[in-house]
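Colleague: Here it is, the structure in full.
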Amino acid sequence: MSSGAPLVPAVRARPGAGSVPSVRSERVVLPDGIRPATLHIEGGTIARVGRYDEPPSGPLIDVGALTISPGVVDSHVHVNEPGRTEWEGFDTATRAAAAGGVTTIVDMPLNSIPATTTGDALDVKRRAARGRVHVDVGFWGGIVPGNTDQIGPLLTAGVRGFKSFLSPSGVAEFESVSEHELSEALPTLAARGDRTAPLLVHAEDSSLLRTPQGDPRSYRAYAASRPAQAEASAIALLAALSLRYGVAVHVVHVSSADGVEAVARARATGATITAETCPHYLAFEERDVADGATSFKCAPPIRDARHRDALWQGLATGTLQLIASDHSPSPPSMKALDTGSFFAAWGGISSLQLSLAAVWTEARRRGFTEADLARWMSSAPARLSRLAPRKGTLEAGADADFVVWSPDLTFVVRADRLCHRHPWTPYEGRTLAGVVHSTFVRGECVWRDNALVRAGHGILL
Ligand SMILES: [Zn+2]
């Protein structure tokens with residue numbers, strides 16, 4: 001925490017564990033703007049949004065000037081359990097989520113074993129998660145070569161949509177797909193998914209990726225092996241497939257100006273295509289990455305400031321609709337710490353707990369508000385995950401999922417404050433704005449003042 005500053009300002013009534021009938025703040029981030037308001041909660045949902053100064057009919061938590069924002073909905077998280085629980089698991093991931101103001105995560109189908117590519121595999125994953133999650137959790141299924149017959153069963157079992165890779169995923173159990181294979185799968189998805197279940201795609205054209213050359217410790221050498229054109233080329237293919245099959249396509253982790261332009265072109269042709277970027281592409285630029293600093297390795301790579309500016313512009317114009325963490329941890333032993341080799345290290349950044357603050361720190365510097373943040377990190381990812389309007393918004397009828405936080409307080413990222421299984425992140429040592437005071441899931445306070453106060457409250461969506 002910043003020196004001298006209290007962890008959080010004093011509040012007039014302190015939220016305890018358990019349900020609360022109403023919560024008020026001078027600064028509530030509502031769908032139509034930021035204003036003083038009272039959230040009246042009944043049975044875990046928001047019964048009504050009332051005036052700030054109306055007399056309470058029951059117990060009231062008054063958080064004063066602290067901001068109440070909709071809880072973050074992180075639609076791109078790799079939990080890795082079962083099978084690679086030593087990388088990350090449901091307990092640690094959802095604890096980190098609660099600490100960071102994230103009230104819903106949607107788990108990616110890969111890095112767990114089995115990968116979520118069959119209805120049975122989803123059952124296995126649900127059994128691993130049940131009773132052990134501290135925030136709400138949804139699941140993506142996977143489309144891989146040869147599992148078209150599982151699209152229906154996975155939808156019936158409740159996946160929010162599907163994920164595919166156009167380039168190697170990094171793990172053997174989750175193979176990438178070609179245009180030909182997607183052409184087989186997408187008619188089934190269009191028919192069974194009611195045209196609303198999206199296909200999320202890792203968009204890099206593998207024919208344009210190169211084997212990295214030169215000094216393995218050189219970040220530039222690694223980044224050069226995954227050029228921005230590979231992203232633009234893959235997005236153009238996805239636009240064509242979306243138009244051909246009438247499927248909603250979502251491009252995950254857009255990293256470049258070329259990618260933003262490709263998404264804009266695709267949307268102009270009428271393709272049903274949405275796109276996200278990630279905190280690390282918005283917070284960092286290539287020159288922040290020292291040689292050998294493999295905690296920054298991800299794919300596609302962090303690029304130079306021109307690309308970062310284009311991503312912010314894409315968010316401002318709505319070409320990019322949302323921000324998701326792509327939290328993809330691994331044990332430090334897989335990050336090639338001894339050699340600092342970008343060529344050998346696992347690609348994936350841990351940031352679930354920090355995404356709200358990491359994005360906010362840069363967003364406010366660029367003149368954006370908490371309302372923009374709520375759009376990018378709560379309502380839009382809830383829509384993508386087919387969880388809206390139940391999740392991602394503070395309005396009557398929605399789940400009472402919210403974060404109480406101070407946008408003005410800062411803290412220094414220290415590993416020992418992280419709840420991820422491996423307290424290891426490229427944000428270590430950075431000063432971030434945005435301190436979470438408490439996190440509420442369906443009307444219950446699950447996190448307060450740096451501690452989990454209600455364990456196992458999450459449900460599987
Ligand atoms: Zn990912």
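Every number in this text was worked out from the coordinates using simple rules, so none of it is lab data. The structure displayed is predicted, hence computed values, not measured ones. Don't worry about glycine lacking a Cβ; one is built from the backbone with ideal geometry, like all the others, and counts go over all protein chains shown.
Colleague: Across the stretch 305-319, in residue order, what do the Karplus-derived ³J(HN,Hα) couplings come to in whole Hz, using 6.51 cos²θ - 1.76 cosθ + 1.60 with θ = phi - 60° and x for Gly and Pro?
Modeller: Values, residue by residue: 4, 4, 5, 4, 4, 5, 5, 4, 5, x, 5, 5, 8, x, 5 Hz.
Colleague: Apply the a/c threshold of 1.5 to the C-alpha gyration tensor of the stretch 71-384 and tell me whether it is rounded, prolate or oblate.
Modeller: It is rounded, given that a/c, with a ≥ b ≥ c, falls under 1.5.
Colleague: Follow-up question, since we're still on this one. Add +1 for every Lys or Arg and -1 for every Asp or Glu among the other residues with Cβ under 10 Å from the Cβ of Leu39, and state the total.
Modeller: +1
Colleague: When the convex hull of the Cα atoms of the stretch 358-461 is projected onto a plane and the area is averaged over all directions, what value comes out in nm²?
Modeller: Taking the Cα atoms of the stretch 358-461, their convex hull projects to 7.5 nm² on average.
Colleague: First select every other residue whose beta carbon is under 10 angstrom from the beta carbon of Arg421; then total the charges, Lys and Arg +1, Asp and Glu -1.
Modeller: The answer is -3.
Colleague: For labels at Gln229 and Asp408 in the simple 7 Å Cα→Cβ model, what's the distance in nm?
Modeller: 5.0
Colleague: Could you name the aspartates and glutamates whose alpha carbon sits less than 16 Å from that of Lys125, not counting residues in the same chain fewer than 8 places away?
Modeller: Those aspartates and glutamates meeting the cut-off are Glu81, Glu86, Glu88, Asp91, Asp107, Asp136, Glu173.
Colleague: With Cβ to Cβ distances under 14 Å as the rule, what net charge do the other residues near Arg265 carry (K, R +1; D, E -1)?
Modeller: -2
Colleague: Work from the charge dipole of the chain (Cβ charges, +1 for Lys and Arg, -1 for Asp and Glu, about the Cα centre) and give the residue of Ser351, Ala371, His307 farthest towards its positive end.
Modeller: Ala371
Colleague: While we're looking at this one, here's another question. Cα centroids of the stretch 296-356 and the stretch 205-236: how far apart, whole angstrom?
Modeller: So the separation of the two Cα centres works out to 14 Å.
Colleague: Taking neighbour counts of Cβ atoms within 10 Å as a proxy for exposure, in what order, fewest first, do Val102, Val359, Val453 appear?
Modeller: The fewest-first ordering by Cβ neighbours comes to Val453, Val359, Val102.
Colleague: Also: So what is the relative contact order for the chain, in percent, with contacts set as C-alpha pairs under 8 Å and at least six apart?
Modeller: Relative CO of the chain lands at 22 percent.
Colleague: Which residues' amide hydrogens lie under 5 Å from the amide hydrogen of Ala275, considering only partners 5 or more residues apart or on another chain, with H built in the peptide plane?
Modeller: Val251, Gln321, Leu322
Colleague: Which whole-number percent is the relative contact order of the stretch 38-111 (Cα, under 8 Å, 6+ apart)?
Modeller: Averaging sequence separation for qualifying contacts and normalising by length gives 28 percent for the stretch 38-111.
Colleague: Quickly work out the Ser207-to-Arg417 label distance, labels modelled 7 Å from Cα along the C-beta direction, and quote it in nm with one decimal.
Modeller: 4.9
Colleague: While we're on this one: State the extension gain, in nm to one decimal, for the chain segment bounded by Leu243 and Ala65, taking 0.36 nm per residue of separation less the distance between their alpha-carbons.
Modeller: That works out to 59.3 nm of additional length.
Colleague: Please list, in order along the stretch 233-241, the HN-Hα scalar couplings obtained from phi with the Karplus expression 6.51 cos²θ - 1.76 cosθ + 1.60 (θ = phi - 60°), rounded to whole Hz, x for Gly and Pro.
Modeller: Calculated HN-Hα couplings, in order: 5, 5, 5, 4, 4, 5, 4, 5, 5 Hz.
Colleague: Once amide H atoms are placed 1.01 Å from N in the peptide plane, what residues at a sequence separation of 5 or more from Leu200, or on another chain, have their amide H within under 5 Å of its amide H?
Modeller: Under 5 Å from the amide H of Leu200 lie the amide H atoms of Phe162, Lys163, Ser164, His250, each far enough along the sequence or on another chain.
Colleague: Please work out the FRET efficiency for the pair Asp288 and Tyr52, using the Cβ-Cβ distance as r and a Förster radius of 41 Å; give the result to the nearest 0.05.
Modeller: 0.50
Colleague: Please list 182-190, 332-340, 136-144 highest first by mean number of surrounding beta-carbon atoms within 10 Å per residue.
Modeller: 136-144, 182-190, 332-340
Colleague: Additional query: Give a residue-ordered list of calculated ³J(HN,Hα) values for the stretch 204-216 (Karplus: 6.51 cos²θ - 1.76 cosθ + 1.60, θ = phi - 60°; whole Hz; x for Gly, Pro).
Modeller: Computed from phi, the couplings for the stretch 204-216 are 9, 6, 5, 6, 9, 8, 10, 5, x, 10, x, 6, x Hz.
Colleague: Based only on other Cβ atoms within 10 Å, what is the fewest-to-most ordering of Thr393, Thr272, Thr277?
Modeller: If I rank by nearby Cβ atoms, fewest first, I get Thr272, Thr393, Thr277.
Colleague: At 0.36 nm per residue, and after removing the present C-alpha to C-alpha distance, how many nm does the segment from Val124 to Asp215 gain when stretched out fully?
Modeller: Computed gain between Val124 and Asp215 is 28.5 nm.
Colleague: Using only helices, what value at 222 nm comes out for the chain when you add -39,500 (n - 2.57) per DSSP H run of length 4 or more and divide by the total residues, to the nearest 500 deg cm²/dmol?
Modeller: Counting only the DSSP helices, I get -7500 deg cm²/dmol.
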